[in-house]
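Notes follow the structure.
The values are calculated or read from the model by the stated rules, or taken from the named source; none is laboratory data. All of these numbers come straight from a predicted model, not from anything done at the bench. Here the Cβ positions follow ideal geometry from the backbone for every residue, glycine too, while neighbour counts run over all protein chains shown. Side chains included, ligands, DNA and RNA excluded: accessible areas come from the protein's heavy atoms. Shrake-Rupley method; radii C 1.70, N 1.55, O 1.52, S 1.80 Å.
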Amino acid sequence: MKLQRKNRLRATALGALAVSGALVLTACGSDDNTADPSTGGDTKTAATSTIECDDAKGQILAAGSSAQKNAMDLWVKNFQQACSDVEINYQPIGSGGGITKFTQGQVAFAGSDSALKPEEVTASEEVCTGGKGINLPMVGGPVAIGYNLPGVDSLILDGPTLAKIFDSKITKWNDKAIATLNPDAKLPATAIQAFHRSDESGTTQNLNKYLKAAAASDWGYDDSSKSWEAKGGQAASGSSGVASSVKETEGAIGYFELSYATASSLSTVKVDTGAGEPVEATTENASKAIAAAKVKGTGNDLALELDYATKAEGAYPIILVTYEIACDKGNKPETLPGVKAFLNYTVSDEGQKVLSEAGYAPLPTEIAAKVREIVPTLS
């Protein structure tokens, strides 16, 4: 079917993925996509929608963050249902891999759980003729701290205590610091088995940033690193590997996207941020924290500064935002219409609503509005 400029095509969006509780960001920075956090639960069907295809046609190659893999699955299905002349091929190979492919001109856009570094912006100028790569926030969610401690159904921890646990300075579950935060819990003398990612991961990077912000004196590691640098602990590949290890090991604790905790029926830590009540890891609470983000990028770059040390009521501080990275100018003519049409859809009210219903943390209204202004200007 030949597409006409500004031709609106009505399509019934595909049923959203069946979710188990809250389906949120999947493994970040990992090529391990074997876990299926979407099993179980009720299937939700999106309402009839209108997607504008413009002159989009052909294949659009993209790659990067696997944190947004489930988001991409929803978006791509809905978009291609409406725009049958376009194929969106997104490879969830991790943020670093996606940025490398982007700066080498191998993909039309990339997904990353962290904004481009200055040297990456410089590298992008080689492929963005007359322009550069810019960061466009698109989806967010919470990074949960899951644990396996029979008899302890509710657990509260704060930044300093988490930092000491993951740095092997607190090694028993009945440690005084943990007991003080949980006076009503029957904490065993079980040894703590702390698990972390073995691969480079935006999930690790965002946990680093939280620990540095919330416990600077107890966390002396590089908060810009995607690699785990703390002492001790046990490593596992991908969020699925960490979640599986925690589920199989009594006394274990680890970090991963909330969907993995839900899929594995793992209890998650409530974080004492200094607010009136400890904060649970939920998409709603993550959205409250993301809403406080400030734009630190300049011009059309919307790189965000997240407040990992927030004390706002109900704001969960360990959060993740994934960006779509594209050229502001100098995009390839054959892929530009498809990139713009697809990103226009993903950041639209309709695209964000689909994710919200699936358990992701949607973009704050003001930030989404800014992205919507920028996408049509890509050239």
Filter result (open to solvent by 30 Å² or more (accessible area, probe 1.4 Å) and in a loop (DSSP other than H, G, I, E, B)) within region 200-217:
Glu200, Ala216, Ser217
Go through the residues of region 237-253 one by one and say whether even a single one is part of a loop (DSSP other than H, G, I, E, B), in contact (Cβ under 8 Å) with a residue 12 or more places away in the chain and within 28 Å of Gly111 (Cβ to Cβ).
yes
From the residues in region 258-296 that are β-branched (Val, Ile, Thr) and part of a helix (DSSP H, G or I), which one is surrounded by the most Cβ atoms within 10 Å (Cβ to Cβ)?
Ile290
If you take the residues in region 56-76 that are open to solvent by 50 Å² or more (accessible area, probe 1.4 Å) and modelled with pLDDT of 95 or more, which one is farthest from Ala326 (Cα to Cα)?
Gln59
I'd like the full set of residues that are open to solvent by 10 Å² or more (accessible area, probe 1.4 Å) and under 28 Å from Ala291 (Cα atoms), limited to region 162-195.
Leu181
Scanning region 87-137 residue by residue, those touching a residue at least 24 places away in the same chain (Cβ under 8 Å), of a type in the set (Asp, Glu) and open to solvent by 10 Å² or more (accessible area, probe 1.4 Å) turn out to be Glu87
